[in-house]
1. Which of the GluC sites (Glu not before Pro) across the stretch 166-216 are loop residues per DSSP, with 15 or fewer other Cβ within 10 Å?
2. In nm, to one decimal, how far is the Ser255 label point from the Arg174 one, both placed 7 Å along Cα→Cβ?
3. How would you rank 239-247, 7-15, highest first, on the average number of other Cβ atoms within 10 Å across their residues?
4. Semi-axes of the stretch 1-64's equivalent ellipsoid from the Cα gyration tensor, sqrt of 5 times each eigenvalue, largest first, rounded to whole Å?
5. Per residue of the stretch 279-286, what does 6.51 cos²θ - 1.76 cosθ + 1.60 with θ = phi - 60° give for ³J(HN,Hα)? Whole Hz please, x for Gly and Pro, Karplus curve as stated.
6. Suppose R0 equals 30 Å. What FRET efficiency, 1/(1 + (r/R0)^6) with r the Cβ-Cβ distance, do Glu233 and Glu104 give to the nearest 0.05?
7. Mind listing the phi-derived Karplus ³J(HN,Hα) values for the stretch 196-210, rounded to whole Hz, using 6.51, -1.76 and 1.60 with θ = phi - 60°, and x for any glycine or proline?
8. Just to be sure I understand the model, the point goes 7 Å from the Cα along the line to the Cβ. What's the resulting Ser189 to Glu79 distance in nm?
Amino acid sequence: MKIISNIQDLRDQLRGQNRVAFVPTMGNLHEGHLSLMRLARQHGDPVVASIFVNRLQFGPNEDFDKYPRTFEADVAKLEKEGVYILFAPEEKDLYPEPQEYRIEPPHNLGDILEGEFRPGFFKGVCTVVLKLFSCVQPQAAVFGKKDYQQLMVIRRMCQQLALPVDIVPAETVRADDGLALSSRNGYLSSSERAEAIQLIQTLKQVQSEVLDQWQKAGFGAKDIAAIEAQAQEYLRGRGWKPDYVAIRKRRDLLSASDSELAQQEALVVLAAAKLGNTRLIDNLEI
């Protein structure tokens, strides 16, 4: 595996390749990331991964400085997966001057859910992803469905800017007990780790309630709101601090109207909540 930090060196190395598949990461790799590398191989050759902790997507009170950086272990894992190039730029490589040009998603997608609780997050994500796409120039890029809203934001960005990149969604990889794998799981104490499975359990309960009540006449937005509120209250009762438990339309992440619910619009339930000092997110399609 070649490790490259310079943009021009990366482009020189990739010149003439027919179909590059790309997996952007922030490092601290776990099995979820490695599954993305395997999926990428089904959509292109060579596979390029990147490791870059993107300052632009962290808020002023978030964990940029303490975000786990495990570069040597990450390299060993990527080598085992047969990744051709690891693009690992420093900030001076990717942002040699202040990044004054930013990509801002539309407010009705970028400022809801995660965007509401992490202002500017998706602007930072879109900006770095577009820049990484410019550096790597892939034909396919893989993003996990655990970050459901991020996947949608990136897909829409590619559509609207006519980027020649196929966005490939990857199913969420979970531990044996159901917890979605995440770099931030490493922040959890042993007792918090045992409690953390309540997030997916809550989403499964929401899924079950929606599917049960959907069959009843008059099921509508007020019922959805009640289910959301009940789920948040359950988490609070167990010591969580939920930002949201939200049942939304899969196609645009907006709330479903009574008429859309009557037509059994495809839904997804998304949640973000703090357990101790660790903020976890997850989702489940309905």
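1. Working: sites: Glu171, Glu192, Glu195, Glu209; in loops: Glu171.
Within the stretch 166-216, the qualifying GluC sites (Glu not before Pro) (loop, at most 15 other Cβ atoms within 10 Å) are Glu171.
2. Label-label distance for Ser255 and Arg174, simple model: 2.8 nm.
3. On the way: 239-247: 18.8, 7-15: 14.7.
Averaged packing, sorted descending, gives the order 239-247, 7-15.
4. Calculated on Cα positions only, the semi-axes equal 24, 17, 9 Å.
5. My calculation for the stretch 279-286 gives 9, 10, 10, 6, 7, 8, 6, 10 Hz in order.
6. Details: r = 34 Å, r/R0 = 1.14.
In this case the efficiency is close to 0.30.
7. Taking θ as phi minus 60°, the curve returns 4, 5, 5, 5, 5, 4, 5, 5, 5, 5, 4, 3, 5, 5, 5 Hz for the stretch 196-210.
8. Between Ser189 and Glu79, the label points sit 3.8 nm apart.
FYI, it's all coordinate maths here, none of it is from the lab. The structure presented is a predicted model; accordingly, all values stated were derived computationally and were not measured. We place every Cβ from the backbone using ideal geometry, glycine too, and count neighbours over all the protein chains shown.
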